[in-house]
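Participant: Next up is a structure, given as structure tokens.
None of the figures in this text is laboratory data; all of them are computed from the coordinates on show. Note that the structure is a prediction, hence the values are computed from the model and not measured. We place every Cβ from the backbone using ideal geometry, glycine too, and count neighbours over all the protein chains shown.
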Amino acid sequence: MSERVALEFISLFVPSLEDAVPRYAALLGTAPIDGSKAAPSPHPFAAKGPVVFELGGVSFALYECDGRTTHPGDVGFGLVTAVDQAAARLREQGGRVFWGPKAVTPGGRTMAVGVLPDRHFFELTQPEPRGAV
């Protein structure tokens, strides 16, 4: 495999961002940051968010679940990769891509969301092209 894949963020879906943010800030010992582009915003399955905490080289993103497609405790692993190829590999391993690949920002950042047979969710993202606003 020649393509580089990087873990960029972990997303956690909570029932209420208003209640969760102070708890996670206290637990992590750090305040959320403003303006992070690590985690998708908007997320196709979130009611609100993200609220992002920088933890070393990986961002930790809280989203408020929408109660239909996401529920409290759902976790996603955000991989930065070539989305189309990664989605194909996920399917080859018996997984199911249930959203995308499609653009999630006007600048062209693409995303696909899928799940492996062991029920782990992956949010496959491709950064916006250089120079996109």
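Participant: Report, in degrees rounded to the nearest 10, the 0 to 90 angle that the Cα long axis of helix 17-28 makes with the longest principal axis of the chain.
Facilitator: Helix 17-28 sits roughly 90 degrees off the main axis of the chain.
Participant: How many percent of DSSP beta bridges within the chain run antiparallel, rounded to 5?
Facilitator: Working: 25 of 36 bridges.
Close to 70 percent.
Participant: Please state the relative contact order of segment 14-133 as a whole percent: Cα pairs under 8 Å, 6+ residues apart?
Facilitator: Working: 209 pairs, mean separation 24.0, N = 120.
Relative contact order for segment 14-133 comes out at 20 percent.
Participant: Find the relative contact order for segment 1-82 and round it to a whole percent, using C-alpha pairs within less than 8 Å whose residues are 6+ positions apart.
Facilitator: Once normalised by length, the contact order is 47 percent.
Participant: Rounded to the nearest 10 degrees, what's the angle between the helix 83-92 long axis and the longest principal axis of the chain, both from Cα atoms, 0 to 90?
Facilitator: 80 degrees
Participant: How far apart, in nm, are two points set 7 Å out from the Cα along the Cα-to-Cβ line at Q85 and at L116?
Facilitator: 1.9 nm
Participant: Rounded to the nearest 500, what is the chain's calculated 222 nm mean residue ellipticity when only DSSP H runs of at least 4 contribute -39500 (n - 2.57) each, over all residues? Numbers along the way, then the final one.
Facilitator: Details: 2 runs with 22 residues, N = 133.
The per-residue figure over the chain is -5000 deg cm²/dmol.
Participant: If amide hydrogens are placed 1.01 Å from N in the peptide plane, which non-local residues have theirs closer than 5 Å to the one on I10?
Facilitator: For I10, whose amide H was placed from the backbone, the distant partners under 5 Å are S59, F60, A61, G78.
Participant: Taking every pair of alpha-carbon atoms in segment 6-126, give the share separated by more than 26 Å as a whole percent.
Facilitator: On the way: 1214 of 7260 pairs.
Pairs farther apart than 26 Å: 17 percent.
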